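Some notes on the structure that comes next.
Laboratory data are not the source of any read-out in this text; all were calculated from the coordinates shown. All figures in this text were calculated on a predicted structure; none of them were measured in a lab. Here the Cβ positions follow ideal geometry from the backbone for every residue, glycine too, while neighbour counts run over all protein chains shown.
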Amino acid sequence: MTGKVNKREILVEQNDEYIINMGPQHPSTHGVLRFELSLKGETVQRVVPHCGYIHRGIEKMCEANTYRQIIHLTDRMDYLSAHMNNEALSLCVEKALEIEIPQRAKIIRTILAELSRIGSHQLWWAAFGMDMGALTTFFYGMRDREMILDIFEETCGSRLLHSYICPGGLMHDVHPDFVPRIKEFITYFRNKLPEYDRLLSGNVIFTTRSKGIGKLSYEQAINYGVTGPSGRGSGFSCDVRIHQPYSAYDLVEVNEQLRTEGDVYSRYMLRIDEMWESMRIIEQLIELLPEDGFTAKMKPVLKLPAGSYYQRVETARGELGIYLISDNEKSPARLKFRSPNFSNLFVMDLLSKGHKIADLVAISGSLDLVIPDIDR
Amino acid sequence: MYDFSQLTQAIHLFLVQHLNSSSVAIVELVLVGLLFLTMYAILGLTLVYMERKVCAFIQNRLGPNRVGPLGLLQTVADLIKLLFKELLMVKKADKFLFNLAPFIVVIASMMTIGALPFAKGFQAIDLNIGLFYIISITSLGVLGILLAGWSSNSKYSLLGALRSGAQIISYELSVSLSLLSIIMFTGSMQLSVIVESQANGWWIFKGHIPVFISFLIFLIASTAETNRGPFDIAEAESELTAGFHTEYSGIKFAFFFLAEYMNMFLSAALAATVFLGGWMPFHVSGFEGLNQVMDFIPPIVWFFGKTFTLIYVIMLFKWTFPRLRVDQLLTLEWKYLLPINLVNTIVIAFVVVMGWYF
Amino acid sequence: MNGLLNYLKEIGAGIKTLLTGMRVTSGYFFSPKEIVTQKYPENRDTLKMFDRFKGELEMPHTAENTHTCTGCGICENVCPNGSIQILTHKKENEEGKLVKQLHTHIYHLSMCTFCGLCVKNCPSDAIVFNQSFEHAVFDRQKLTKVLNKPGSILKKEAKGL
Amino acid sequence: MELSSTEIVIRGILPQLTDQKAWISTEWMIPADSALLVMTALRNNPTTQYNMLVCELGVDIDSKLGIVYHLRSTVYQLDCFLRVVFEERNNPTIDSVTELWAGAEFMEREIFDLYGIQFTNHPNLKRLFLEDDFVGFPLRKDFADSINMIQL
């Protein structure tokens, strides 16, 4: 056995500090996450995240399932960007099999991904306002998200866990009402989104509570691997849609949203900007939608050639990486999901040191954590 | 026209004829006590229902609509549920204080309601230091909150209680100072005198800008004093789960809940009484026809109309604004409200001395 | 003096943002038309799920009590959670040969994740998702369902008879 | 064939090196004892500057445990995969890369939790998902649990 064993003491609390357990049943941890806080008065000294309360062993389950069956497991990681998760695995399998899918399928995938990005950000906005104590935002966000869910329900048959994108294209073609409904949604939401700003973004209580709180510098964001809107809020250009366009992102103009302040407010505004940007992308894509072909011809049993494959997509929370090792069997030998939330969570300690408990809630809200994605 | 004192006098005379003097006193006390307790309960239930409906309409919802017509009996059903719930006790809690705390809170809010003039003659006791009494009793309520937080032996509760303590100590100042402006105008702390002084116009109109400023400050500070959003840092649902009443259940929780709503009613009623003329109808000197029409509306309607309008505004605060952080809350008080209030007090003293008001 | 002016300006701007927010909320308060709540049990008649809604698995039967399931077992194989069990039995067809046929199609609703693979992969389109969404039952046993109705037979056989 | 800057740096440290070509750019097989050295060089060399650890994952392929490091250089937009394979299964040990990338701390805790790979110099090597008294490492292929694992 090589290596050396060092004795290390980990200081949990100092004399004048006390410990509070925040979670797993706490309203603002958005699920079953537990923070162990060391507090001095109300000032946070240390945050130790404890996860695993909803660990289902998806990676182990994947090793026993076929590639088509895994799709429904990916839904259940980051349930707010289920389409993107499905797409990530499908793209990985398609690249391994060297299959080119029809243009229509690509564009529909991208539209669905952008729609679920808007939906995810709406839900985030709703819950973030709730964390901040503005209780009405929750219902406004949910109300607007309802339209997106209706679009999903009409086309995919389910509202949250779609399992709609599959290796080779889509499960079935979109509903005839798909395009008109999206157009209707975009006109509706273009009117409603400024209301979000009027209600919360401009509010003086909100701005003073969020500006300068939870600063994440550019270097720290890279060092911790914080991606997605949380990373871009610190000026870290990490949008996979720009750097490695997949699906139909190379057909349209995508502007990466970047803000450099790195505080709660910049992460907040960045997500609002992303909603505008996503609507713009959808509008461009609808014009490009060709008539036929939603799936490529696939073998009934998928066997990937032995080797290792990697595919990354941009979900609503950051970069989802799929690392797949195949040994020419029906199911993967190893399937690792590089989930964005996992990396985003562990900057909590860094960001909330020295802030108040109320800020901790705001910071964890601004990182937009989805716990099942951390635990997998 | 609508004078409650006639009614009370009639009852008093009736009792004097039939009973000896000590029995009369006892019967009258029981009657008044029953009347006010019933009113307290009904007001509490109404306010809970109103809040749920107001927030529902703000949030594009319907709100309670299952129990009774328009969900009117929903709060009654909730009350029955709370009455039957188990009273949980934290193992290492300080049992005596833990049980005492909700009663302090609820009694403090109950004691103030007697001093309010609901209509002409409809007032349990017309103290000559009415305003002073109300201010001092409302600040007793925080004692209950502090005890609840301390005795629960829970860190969340303790944090909530400490926050609440800091908050009430600060905002008490603003409340008193803004009420001081009207005391300076009327020269009396007796609530009936303050109401009578507004017979020819409410103070908010008579005292124009300086009184309007104190009215705004009173509204903000009293919202803060009642621990309501956006100043509900003592409960801070998303931070401290439920703050000082985390460990309470059943009817003891209901007491805290009820006291919060009654305090809200009290601050709205006080603002209505002091700034908006209480039960006085809307009078404009010179327009006799209008004044006659206004007089026709009973004073109790005027009083509750004004109070519930203010309650709506306070509810709108809660359902619109994000919660303030602890330090922001204190900044708001010590850096904004208090200096403005002090300057405003001097301005009002000047206005009073020079007679620059209507 | 400048500081005082800024102080007052700050207050003014702050109050303005607060009033903007209050205008939004009170605007909704006074426009009951915007209410999105649906009264669920009352609107059951008008409430219609989308055609593709994945409610629960169903095997459509014709009026003659026939279905198209051949008992091939693809849906059982393809299901990720093992929520479908197919029991077959040997039966003599009109030519006198012993043919494997569907006996019972067991569907565990409690295990189903509604991924839709069974419906997509069924070669004879024997199973579909229906639009029912009221899955609550008092007894867990009731979530295990038999999809083929008693006495039902394969459509092809029915033609032959 | 022109060598990439990554290759130059790696070959500078390990001249005898096999690389496993796959569909993803290049996956380098690195011996466990020089992994930290290689990664320090990759991170600090001005021509590569791999400043981000995208992912660190354990693998159990062909009954051999291993770790795959996915590095990224945000300066040059380069991606690089390094694979370390352990010969022994009982107590595989490797140096922690927490000093290089702060994000590695929890990824290594996850690997320790699910694969039982030890990391030296790790600041807080504890189980991340499972409780501390859990026996076994679930993502290893030979992990067996007759109660909770259902073979379909």
query: What is the projected area of the convex hull of the Cα atoms of segment A:152-237, averaged over all directions, in nm²?
result: 9.0 nm²
statement: Among the DSSP H helices of chain B, those whose Cα atoms extend at least 30 Å along the helix axis and whose mean Kyte-Doolittle hydropathy is -0.5 or higher are B:21-58, B:155-186, B:250-274, B:299-320
- request: Per residue of A:339-350, count partner chain C-beta atoms within 10 Å of its C-beta, then hand back the mean as an integer.
  value: 2
statement: Between the Cα axis of helix A:82-97 and the main Cα principal axis of chain A, the angle (0 to 90°, nearest 10) is 50 degrees
field: Calculated from backbone phi, Karplus (6.51, -1.76, 1.60) coupling profile of segment C:102-112 in Hz, x at Gly/Pro
entry: 5, 9, 9, 10, 9, 10, 8, 5, 5, 9, 6
query: Give me the log10 of I(q) over I(0) for chain B at q = 0.13 Å⁻¹, as the Debye formula computes it from C-alpha points; what are the numbers?
result: -1.11
message: Pairs of alpha-carbon atoms within less than 8 angstrom and 6+ residues apart define the contacts here; what relative contact order does chain B have, in percent?
response: 21 percent
- line: For B:Lys91, the aspartates and glutamates lying under 17 Å Cα to Cα, once residues fewer than eight places off in the same chain are dropped, come out as B:Glu247
statement: Packing-ranked peptide list from A:16-29, D:135-148, highest mean Cβ count within 10 angstrom first, is A:16-29, D:135-148
- request: Mind jotting down the distance between the C-alpha centroids of segment D:98-152 and segment A:308-367, whole Å?
  value: 17 Å
task: Go through C:Thr113, C:Ser83, C:Ala63 and say which Cα lies farthest out towards the positive end of the charge dipole of chain C; charges sit on Cβ, +1 for Lys and Arg, -1 for Asp and Glu.
output: C:Thr113
query: So what's the gap between the Cα centers of segment A:210-279 and segment B:193-268, to the nearest angstrom?
result: 42 Å
message: Please enumerate, by chain and number, the lysines with C-alpha under 17 Å from the C-alpha of C:Lys120, excluding those fewer than 8 residues away in the same chain.
response: A:Lys297, A:Lys299, C:Lys54
- request: Compute the signed sum of charges (Lys and Arg +1, Asp and Glu -1) over the other residues within less than 10 Å, Cβ to Cβ, of A:Asn85.
  value: -3
Sequence ranges C:1-12, B:64-75, C:138-149, ranked by mean other-Cβ count within 10 angstrom, highest first: B:64-75, C:138-149, C:1-12
Tail fraction, Cα-Cα pairs, segment C:50-160, threshold 16 Å, whole percent: 60 percent
- prompt: Helix A:178-196 versus the longest principal axis of chain A: what angle, 0 to 90°, nearest 10, using Cα atoms?
  reply: 20 degrees
- line: Summing -39500 (n - 2.57) over every DSSP H run of at least 4 residues in chain C and dividing by its residue count gives a helix-only mean residue ellipticity at 222 nm, to the nearest 500 deg cm²/dmol, of -8500 deg cm²/dmol
field: Where GluC sites (Glu not before Pro) fall in DSSP loop in segment A:85-136, at most 14 other Cβ within 10 Å
entry: A:Glu98, A:Glu100
- prompt: On average, how many beta carbons from a partner chain sit within 10 Å of the beta carbon of a residue in A:204-211?
  reply: 6
Averaged over C:47-55, number of beta-carbon atoms from partner chains that fall within 10 Å: 5
- request: Run down the lysines and flag those whose C-alpha is under 23 Å from the C-alpha of A:Lys353, throwing out any fewer than 8 positions away in its chain.
  value: A:Lys40, A:Lys211, A:Lys215, B:Lys155, D:Lys126
- line: The local net charge around A:Leu302, scoring Lys/Arg +1 and Asp/Glu -1 for residues other than A:Leu302 whose Cβ lies under 11 Å from its Cβ, equals +2
query: When N is the residue count of segment B:230-358, what does its C-alpha Rg come to as a fraction of 2.2 N^0.38 Å?
result: 1.41
task: May I ask you to work out the translational diffusion coefficient for the protein assembly as shown at 4 °C, viscosity 1.567 mPa s, via Stokes-Einstein with Rh from the Kirkwood sum over Cα pairs, reported in whole µm²/s?
output: 39 µm²/s
- request: List the extent of the Cα atoms of chain A along each of their three principal axes, largest first, rounded to whole Å.
  value: 67, 63, 33
GluC sites (Glu not before Pro) within segment A:268-362: DSSP coil, no more than 12 neighbouring Cβ in 10 Å: A:Glu291, A:Glu329
query: Residues with amide H under 5 Å of D:Leu65's amide H, sequence separation 5 or more or different chain, H placed in the peptide plane at 1.01 Å from N; which?
result: D:Phe86
